[in-house]
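For reference, the structure is listed below as structure tokens.
Only the coordinates and a few stated rules stand behind these numbers; no lab work does. Just so it is clear, the model here is predicted, and its values are computed rather than measured. Virtual Cβ from ideal backbone geometry, glycine too; neighbours counted across all protein chains shown.
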Amino acid sequence: MRISRLHRHGGRDPAALHGPAALRALALALGIVLGLPAMAASPKLFIGLFKENAVGVVDTATNQLVDKISIPAGPHGLAITPDGRTLFASSDADTKVSVIDTATDKVSATIEVGNSPHGLAMSPDGSLVLAAIFGDSSVAFIDTASRSVLAKVAVPSPHNIAISPDGRTAYVAAQAKGSLGLAILDIGSRTRTGMISLDKTPRALSISPDGRKLYYTLAGSDSVQVLDLAKGSLAAELPVGASPHHPLFAANGKTALVVSQGPGELYLIDPAKDAVTAHLQVGKLPHWIALSADGRTAYVTNEGSNDLSVVDLGTLRVTATIAVGAGPRKVVIQPMGAAVSIKGFALPELRIEPGMRVTWTNEDPVPHSLVADDSSWKSPELAQGSSYSFTFQNEGSFGYHCILHPFMQGKVLVAYPG
Ligand SMILES: [Cu+2]
């Protein structure tokens with residue numbers, strides 16, 4: 001077994017990892033070769049501070065606000081690439097989406113998208129950001145590589161957006177009077193294919209990881225609406241506290257959350273039963289939720305108390321309240337991952353935590369094609385320089401090998417730390 005290169009995405013000092021000796025030392029320090037627990041994840045949180053025209057940065061290892069990044073007026077939508085390296089932030093009192101390099105927390109580019117961009121959504125493969133251009137009644141398709149707008153599709157006063165896990169369909173909350181509803185966009189053809197009309201204003205929405213249902217909230221309704229996506233019809237309404245806002249499914253699909261702004265509470269939902277299982281107090285006017293990759297910790301922005309509640313979903317306790325600045329609204333958590341080079345016809349054994357994404361890049365001059373021993377995932381044929389990623393949600397030991405060179409065998413050990 002040989003480890004030629006391995007580093008963490010989202011670590012705080014990637015520049016320190018250059019040089020083969022340093023990389024080998026790092027691999028050893030991470031316990032990859034020794035088989036010790038390694039790669040404890042400490043992603044950053046990015047928070048839109050609406051009244052400060054900035055994005056706040058919180059280090060989840062210390063629960064400290066570590067930076068504020070100035071962006072144009074009205075920080076609104078946030079979307080982060082699956083590799084955790086690039087954040088997109090819209091400004092609704094402006095015409096811009098700011099592109100932020102998460103290694104430096106600096107704005108690296110600005111994209112002109114149109115009047116008053118609201119919510120943003122990232123495609124699962126990280127190639128596209130959809131931006132709800134509220135003021136122009138369109139949804140912009142932004143190419144994340146070229147940072148350019150590829151197309152615009154008409155949607156009346158679009159606000160928030162959710163993309164299906166297969167990356168094919170977007171649902172957009174349309175807030176124009178007289179045409180309230182959920183617009184359905186086909187992402188491949190960049191066309192609007194339908195509209196589910198509503199009698200109230202849709203607010204925020206989230207799709208279950210199995211792609212079967214969509215939870216959304218409405219202004220003037222104290223329930224979470226459950227849409228059956230196969231039937232396109234309402235399947236249930238879950239009563240929660242007054243003025244529910246952001247619903248969010250955990251990555252494993254076993255839990256969902258929603259905040260209610262009136263009572264300042266976070267609700268836990270069992271998606272299998274579409275039933276509330278617990279609720280607890282957070283701060284004033286809770287707005288948005290981010291979940292740790294392992295699904296154990298929720299981070300809730302409280303717009304009315306200018307802070308962030310850190311919630312242990314196991315004990316149902318707020319373990320920290322972090323002052324983050326004026327008007328915290330949306331929040332995203334940085335995805336964490338491990339990057340692995342395939343070199344010299346060797347595949348490593350590596351240890352990660354649930355929810356982490358592994359990206360393999362082939363550096364050999366011949367193609368490799370990776371497949372799970374249990375066939376649960378499979379890469380395309382990877383030419384030299386090509387990459388493949390897979391996110392491991394569950395604990396366990398997962399063997400994999402190369403189809404073209406069966407002697408190439410590797411293993412991913414997924415376990416919670418400690
Ligand atoms: Cu191979």
Which one of A230, L78, Y215 is farthest out on the positive end of the charge dipole of the chain, using unit charges on Cβ (Lys, Arg +1; Asp, Glu -1) and the Cα centre as origin?
L78
If the limit is 23 Å between Cα atoms, which of K51/K213; K106/K330; K273/K330; K343/K411; K152/K177; K51/K330 go over it?
K51/K213; K273/K330
Give me the percent relative contact order of segment 44-333, please, defined on Cα pairs under 8 angstrom at least 6 residues apart.
11
With r as the distance between the Cβ atoms of M195 and A415 and R0 = 51 Å, compute the FRET efficiency 1/(1 + (r/R0)^6) and round to 0.05.
0.65
Set the Förster distance to 30 Å, then compute FRET efficiency between T62 and D270 from the Cβ-Cβ distance, nearest 0.05.
0.40
Please give the charge dipole size of segment 44-333, origin at the Cα centre, charges +1 on K and R Cβ atoms and -1 on D and E Cβ atoms. Round to the nearest 20 debye.
260
Just to verify a number: FRET efficiency for L404 and A326, C-beta to C-beta distance, R0 = 51 Å, to 0.05?
0.35
Counting other C-beta atoms within 10 Å, which of D67, D83, D166 has the fewest, and how do the rest follow?
D166, D67, D83
Counting only C-alpha contacts under 8 Å and six or more residues apart, can you give the relative contact order of segment 159-241 as a whole percent?
20
Once both axes come from the Cα atoms, what is the angle between helix 20-29 and the longest principal axis of the chain, in degrees from 0 to 90, rounded to 10?
70
